[in-house]
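Each remark here refers to the structure printed beneath this line.
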Amino acid sequence: MTILRPSDPHSFLAQQLLAKSKFAGSTLSDLDTYVQQSKKREMDVDVLDRIRKYHANGGPFSGLRIMIAGAPCSGKGTQCELIKKEFGVVHISTGDLLRAAVENGTETGRKAKQYIDKGLLVPDELIIGIVKDRLSEQDCEESGWLLDGFPRTPAQAKALLDCGIDPHVFISLDVPDDTLVERVVGRRLDPVTGKIYHLKFEPPTDAEVIGRLTQRSDDTEKHIRTRLQAYHQHIDSIGSYFQHIFVAVNGNRMKGDVYTDIRNVLQQLKQN
């Protein structure tokens, strides 16, 4: 497998740092200077080299194995649809898997339902079992898979690796918290059509529609900040399990620009 290097490793690494929330407010020029002047940063290998070297002895990819993470309203769902459409991978959501297991009355589904009916979290071992079984099915083996928003905790990350689930890349969408809050609190639902609007970014123009818009009870700043706190509490620890294949993408841009970065990484991974 050929190792592909960016034409300018310093700039490439600077772009990775720019996606990190802790560098919010920095310019690409600032970070490029930071990378070139810091001996520690100069010792770091670039992200694509690191990923491809990790998989270099694994032979050609039969299908991409992708994990993607992102806070609520980070645009993860949109990016998943774009990835699925272009790369033909099987899009897997643990929520969908759990609902299907419960509806189909499988043994795991019946066990999970006991917790769901009581309003309790489904234990990790049940979720891991469902995910492992799904990833071993023929369509995932042949076409590859896109694991959406899972693992959510360090314990789940370790359990997946212990089960032999080995992704090619872990993509993390980074968006500043204040931006995420703005995206959430401005969402409104048209109960008649089911269409989602945003009071700032995509407001309705029809007076009748405006008059019937509703807001979800959990689309409040207090609720979203609680969810963001939980997300940040776990994402760094989860990322440490996949640091050899971790790619941070700046999600605070137009969806097409975000996807361009993701596509570039995935296309280079597929090249042998």
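Scanning segment 222-251 for residues that are among the polar types (S, T, N, Q), touching a helix residue (DSSP H, G or I) at 6+ places or on another chain (Cβ under 7 Å) and part of a helix (DSSP H, G or I) returns a single hit, S237. Those helices (runs of 4 or more DSSP H) of segment 88-196 in which at least 3 residues are within 23 Å of Q229 (Cβ to Cβ), considering only elements entirely within it, cover 154-162, 177-185.
Among the residues here, T78 qualifies as open to solvent by 30 Å² or more (accessible area, probe 1.4 Å), assigned to a helix (DSSP H, G or I) and in contact with a Lys or Arg (Cβ under 9 Å, 6 or more places away or on another chain).
What tally of residues in segment 98-123 results from selecting those that are open to solvent by 50 Å² or more (accessible area, probe 1.4 Å) and not polar (S, T, N, Q)? Adding up the residues that qualify gives 13. When we screen L189, L135, L160 for residues that are open to solvent by less than 10 Å² (accessible area, probe 1.4 Å) and of a type in the set (A, V, I, L, M, F, W, C), the only hit is L160. In the set (1) more than 27 Å from Q268 (Cα to Cα); (2) open to solvent by 70 Å² or more (accessible area, probe 1.4 Å), P204 fails one condition alone, (2).
The values are calculated or read from the model by the stated rules, or taken from the named source; none is laboratory data. Computed from a predicted model, the values in this text were never measured in an experiment. Counting neighbours? That spans all protein chains shown, and the Cβs are built from the backbone with ideal geometry, glycine included. Side chains included, ligands, DNA and RNA excluded: accessible areas come from the protein's heavy atoms. Shrake-Rupley method; radii C 1.70, N 1.55, O 1.52, S 1.80 Å.
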